[in-house]
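Asks: Dropping the structure in here first, questions after.
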Amino acid sequence: MAEERYEVRLSGSGGQGIIIAAIVLAEAAGVYDKKFVCQSQSYGPEARGGTSKAEVIISNQTIDYPKAIKPDLLLSMNQEACDTYFSDLKTDGLLVVDSTLVHQVPTNRVAAIPFTRIARKEIGKEMVANMVALGAVGVLSQIISLENLEKALLARVPKGTEEINRKALHAGIEAAKTIDLKHLPLLAIDEEEI
């Protein structure tokens, strides 16, 4: 990352752990990687089940605006979040979806990984799908140290859940390593942007 800001938007529904994933990502970048970082969040009308989003801005310079303008990476943990936030993604941005719950993607520049299925089958708890996704975001964003992402995770999760969360994070890291970013096409440019 040169001297630019990198914008990440994590989205899903309340109860999917979007906010805690964003906090861990922000702490990995700020506390451990020593970068400038800003994290914000918003909830839908219902805390559980409504649309939820959290944003993390990471930069090597002071951050002048704390919200994502055009995300470089959009994580969508369900179809509604994908449909709602995709249009904000940068032209060369990356859409990352939970292919367990997102079946219609508006682009072919997508990393589709079954986070919920991995959490259920490999970890034994669907509720850690957010940490599986976080591991994938760590790999695909290429902006933070994966070692520091794990340190931030272990410092933040409730006592007694460290091992299951670590296992989930590593499952996401391994799943994302199978995605060849160099061969993903760029997003189609909207005619209105030209």
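Asks: Sort through GLU174, GLU191 and tell me the only one that's modelled with pLDDT of 95 or more and of a type in the set (Asp, Glu).
Replies: Going through GLU174, GLU191 in turn, the sole match is GLU174.
Asks: A further question on this structure: Take ALA119 and decide whether it is surrounded by 22 or more Cβ atoms within 10 Å (Cβ to Cβ), more than 13 Å from LEU94 (Cβ to Cβ) and touching a residue at least 60 places away in the same chain (Cβ under 8 Å).
Replies: no
Asks: Given region 89-194, what helices (runs of 4 or more DSSP H) lie entirely inside it while holding 3 or more residues that are within 17 Å of the chain's Cα centre (by Cα) and within 22 Å of VAL56 (Cα to Cα)?
Replies: Those helices (runs of 4 or more DSSP H) span 129-141, 146-156, 162-176.
Asks: In region 13-52, what residues are part of a strand (DSSP E or B), of a type in the set (Gly, Ala, Ser) and modelled with pLDDT of 95 or more?
Replies: The answer is none; no residue qualifies.
Asks: Is it the case, given these coordinates, that LYS53 is of a type in the set (Lys, Arg), over 22 Å from LYS182 (Cα atoms) and either surrounded by 23 or more Cβ atoms within 10 Å (Cβ to Cβ) or in contact with a Pro (Cβ under 6 Å, 6 or more places away or on another chain) (or both)?
Replies: It is true that LYS53 is of a type in the set (Lys, Arg), over 22 Å from LYS182 (Cα atoms) and either surrounded by 23 or more Cβ atoms within 10 Å (Cβ to Cβ) or in contact with a Pro (Cβ under 6 Å, 6 or more places away or on another chain) (or both).
Asks: Kindly indicate which of LYS121, LYS151 is touching a helix residue (DSSP H, G or I) at 6+ places or on another chain (Cβ under 7 Å), more than 19 Å from LEU10 (Cβ to Cβ) and of a type in the set (Lys, Arg).
Replies: Only one candidate qualifies: LYS151.
Asks: May I pose another question? Can you say whether SER76 is among the hydroxyl-bearing types (Ser, Thr, Tyr) and modelled with pLDDT of 95 or more, as far as the supplied structure shows?
Replies: yes
The values are calculated or read from the model by the stated rules, or taken from the named source; none is laboratory data. All values reported here derive from a predicted model rather than from experimental measurement. Here Cβ is always computed from backbone atoms with ideal geometry, including for glycine, and neighbour counts include all displayed protein chains.
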